[in-house]
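*Asks:* Take this structure, written in structure tokens, and hold onto it; I'll ask about it next.
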Amino acid sequence: MAAAIKICGISTPETLDAVLDAQADHVGFNFFPPSPRHLGLVEASALAARAGSRISKVGVFVDPDDDALRDAISAAKLDAVQLHGDESPARSAAVRAQFGLPVWKVIPVATASDVVSAQAYTHAADFILFDAKTPKDAQLPGGMGLRFDWTLLSGIRMSLPWGLAGGLSPTNVGGAIAATGAPLVDTSSGVESVPGVKDMDKIAAFCKAARSV
């Protein structure tokens, strides 16, 4: 069964259309202001209207408060909330309970113990996304093109559905899926020409490569 595909950090109608044309399964809208992929509520609303029900819309947040979540969920008609900060299992569970949407929790990975730590979210999230751990002084928690040692996921047994992110591109996503058996792959910077600017040809190539495994 082919891995599901999420293209994250979409910010223009043209690149959204490319994601839809490539038949990705999820699109990510970034609501973290320091990110070059950040969307305002007006822009997010317009993109969500353009996408309609043709694709799952995932909102990406970093340690958001309830007001920020409420505003973005309403504006972008989100189908899921991705928590990419230091949110605890308790906070993740509270978000899921309050807003009634599936919660994707990002787990930054550098060592095997980081992978194990995901089990703490068994009853607090709906999906785990393993991403590369960024340097301590990094301004962004992801979207930097970093990857981790995929062998850390070898033989993984998770109580929750999971996916792989971090440095994935059209040239390596096939190998990543083959190495890890990832049921979902997520890319952002891997399909960009420069940070924050998506490349429509790379989006198509990524989706094709992910489905060729």
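*Asks:* With every protein chain left in place, what is the accessible area per residue of region 1-66 in square angstrom, probe 1.4 Å? Can you show the working numbers first?
*Replies:* Details: 2780 Å² over 66 residues.
Per residue, region 1-66 has 42 Å² of solvent-accessible surface.
*Asks:* On to the next question. Quick one: go through region 94-123 and flag any residue whose amide nitrogen is under 18 Å from the point 7 Å out along the Cα-to-Cβ line of ASP63.
*Replies:* Label zone hits: 94-95, 105-109.
*Asks:* When only Cα pairs under 8 Å and 6 or more residues apart are kept, what is the percent relative contact order across the chain? Don't skip to the answer; put the middle values down first.
*Replies:* Working: 445 pairs, mean separation 44.3, N = 213.
Once normalised by length, the contact order is 21 percent.
*Asks:* Report in % the part of the accessible area of the chain that belongs to carbon and sulfur, leaving out ligands and nucleic acids; probe 1.4 Å. Numbers along the way, then the final one.
*Replies:* Working: 5140 of 9430 Å².
Roughly 55 percent of what the probe reaches on the chain is carbon or sulfur.
*Asks:* Could I ask something else about it? Over the chain, what per residue volume does the convex hull of the Cα atoms give, in whole Å³?
*Replies:* Residue-normalised Cα hull volume stands at 109 Å³.
*Asks:* Label ALA2 and ASP114 with points 7 Å out from Cα along Cα→Cβ: what is the distance between them in nm?
*Replies:* 3.0 nm
*Asks:* Taking a 22 Å limit on the Cα-Cα distance, which of the listed pairs LYS133/LYS208; LYS105/LYS208; LYS57/LYS198; LYS77/LYS202 fall beyond it? Walk me through the intermediate numbers first.
*Replies:* Values: LYS133/LYS208 27 Å; LYS105/LYS208 26 Å; LYS57/LYS198 17 Å; LYS77/LYS202 27 Å.
The pairs that break the limit, which is 22 Å between Cα atoms, are LYS133/LYS208; LYS105/LYS208; LYS77/LYS202.
*Asks:* With each label point set 7 Å from Cα along the Cα-Cβ vector, what nm distance links MET158 and GLN98?
*Replies:* Placing both labels 7 Å along Cα→Cβ, they lie 2.5 nm apart.
*Asks:* Additional query: Report for the chain the percent antiparallel among DSSP-assigned beta bridges with both residues inside it, nearest 5.
*Replies:* Values: 2 of 33 bridges.
Of the beta bridges lying entirely in the chain, close to 5 percent run antiparallel.
*Asks:* Against the globular-protein guess of 2.2 N^0.38 Å, express the Cα radius of gyration of region 70-185 as a ratio, rounded to two decimals. Numbers along the way, then the final one.
*Replies:* Working: Rg = 14.3 Å, N = 116, 2.2 N^0.38 = 13.4 Å.
Against the compact-globule rule of thumb, the ratio is 1.07.
*Asks:* What is the mean projected area of the alpha carbon convex hull for region 35-97, to one decimal in square nanometres? Walk me through the numbers on the way to the answer.
*Replies:* On the way: hull surface 17.6 nm².
Seen from a random direction, the Cα hull of region 35-97 projects 4.4 nm² on average.
*Asks:* Okay, next question. Express the accessible area of region 91-203 per residue in Å², computed with a 1.4 Å probe while the remaining protein chains stay in the model. Don't jump to the answer; show the numbers that get you there.
*Replies:* Working: 5080 Å² over 113 residues.
Here the residues of region 91-203 average 45 Å² of exposed surface.
The values are calculated or read from the model by the stated rules, or taken from the named source; none is laboratory data. Only a predicted model underlies this, so the values are computations on that prediction, with no experimental measurement involved. Quick reminder, even Gly has a Cβ in these numbers, built from the backbone with ideal geometry, and neighbours come from all protein chains shown. Surface areas here come from the heavy atoms of the whole protein model, side chains and all, with no ligands, DNA or RNA. Shrake-Rupley method; radii C 1.70, N 1.55, O 1.52, S 1.80 Å.
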